[in-house]
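Shown next, in structure tokens, is the structure this report addresses.
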Amino acid sequence: MKIQEPARNIPVIHEVGLCVLGGSTTGVFAAVAAARLAVPPGVEVEFTEPAIQWLVEVIT
């Protein structure tokens, strides 16, 4: 079974250098890795889960 969805234009409402989606285990690991290693100074990082933002601030 396949579902085909027609193409559509979705507006971009906010641009960031790195966006971490979700708060599962992998989302937490991605957020911590980004905070520690992957993000150069000055790059804006957006987390979709408030708990991840708090965790990254505590860890780093």
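Side notes on the structure shown:
- Region 18-52, residues that are surrounded by 16 or more Cβ atoms within 10 Å (Cβ to Cβ) and without any contact (Cβ under 8 Å) to a residue 12 or more places away in the chain: 30
- Residue in region 2-18 that is modelled with pLDDT under 75, assigned to a loop (DSSP other than H, G, I, E, B), under 13 Å from the mean Cα position of the chain (by Cα) and not hydrophobic (A, V, I, L, M, F, W, C) present: no
The values are calculated or read from the model by the stated rules, or taken from the named source; none is laboratory data. Just so you know, these numbers come straight off a predicted model, no measurement behind them. Glycine gets a Cβ as well: all are built from the backbone with ideal geometry, and neighbour counts include every protein chain shown.
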